[in-house]
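S.K.: This structure is in structure tokens; I'll ask about it shortly.
The values are calculated or read from the model by the stated rules, or taken from the named source; none is laboratory data. Being a predicted model, the structure only gives us computed values, none of them experimental. So basically every Cβ, Gly included, is an ideal-geometry build from the backbone, and we count neighbours across all protein chains shown.
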């Protein structure tokens, strides 16, 4: 049975912990509770994002296992679309929570699972207890950024997303023309160029294709305007902001071969908020891919 040391005016005592695991989905959260190995888990389902019901289930689980209302709670869930708000909520309730990197969870090599498959709460509970008992290799815990650090990442991530979307519109326009045997080197003046373009037999671009090309081009121009606005915002921050992370970007840009894109990404995703303790942790960043 796992216990946690607590301190009060009468000295040091030990109290059993309640272990809780989440299996998260868009509409329903499946919860699993136990107090240690050999204890049959208590499983419950609640509506996703129902914070009041979650706290009620925790209180009921404590009563079910004979724990006091003040008994410590240790929980975990797999990192995913729910992000870190749930972690922050649990932390605000005094609950110790671990956000687990799904791709780094220990896998039985005789029975491998797809990385996208979620673990059930019983398996998560088992691994949580092992982790709390010192088996650090069972998974990798995600370092949760502060609210401010997470918010700072939106600018460059949004910029990257917009650039990818614009590139897809360019590919779509060229693909539509290529299907008619037409090659276009540049989209700079597409509306004017359409009048001069001819198909393989010398005929003009058909009206339906022309309208579609202009719609895609209008989207391409809209994305270009948004990209320009974000780049201007980024330049303004670089010139005026007194934030420590922006100062780190300025310092990196003094190095030869590092521009604003690379410096911004490195600082905002890695060195701006992560507490890197050794060379191994720095090297491990090479395998991380920022997500939008």
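Residue by residue, here is whether (1) in a helix (DSSP H, G or I); (2) surrounded by fewer than 16 Cβ atoms within 10 Å (Cβ to Cβ); (3) in contact with a strand residue (DSSP E or B) (Cβ under 6 Å, 6 or more places away or on another chain); (4) modelled with pLDDT under 95 holds:
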{"site": "119", "(1), (2), (3), (4)": "no, no, no, yes"}
{"site": "137", "(1), (2), (3), (4)": "yes, yes, no, yes"}
{"site": "145", "(1), (2), (3), (4)": "no, no, no, yes"}
{"site": "149", "(1), (2), (3), (4)": "yes, yes, no, yes"}
{"site": "154", "(1), (2), (3), (4)": "yes, yes, no, yes"}
{"site": "159", "(1), (2), (3), (4)": "yes, no, no, no"}
{"site": "166", "(1), (2), (3), (4)": "yes, no, no, no"}
{"site": "169", "(1), (2), (3), (4)": "yes, no, no, no"}
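Residue-wise test of (1) modelled with pLDDT of 95 or more; (2) within 21 Å of residue 123 (Cα to Cα); (3) touching a helix residue (DSSP H, G or I) at 6+ places or on another chain (Cβ under 9 Å).
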| position | (1), (2), (3) |
| --- | --- |
| 54 | yes, yes, yes |
| 62 | yes, yes, no |
| 85 | yes, no, no |
| 89 | yes, no, yes |
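S.K.: Please determine, by comparing only the residues of segment 27-40 that are modelled with pLDDT of 95 or more and outside any strand (DSSP E or B), which one is farthest from the chain's Cα centre (by Cα). Can you show your working first?
M.R.: Residues of segment 27-40 that are modelled with pLDDT of 95 or more, as a first pass: 27-35.
Filter once more, keeping what is outside any strand (DSSP E or B): 27, 35.
Values: 27: 19, 35: 30 Å.
Going through the qualifying residues, I end up with 35.
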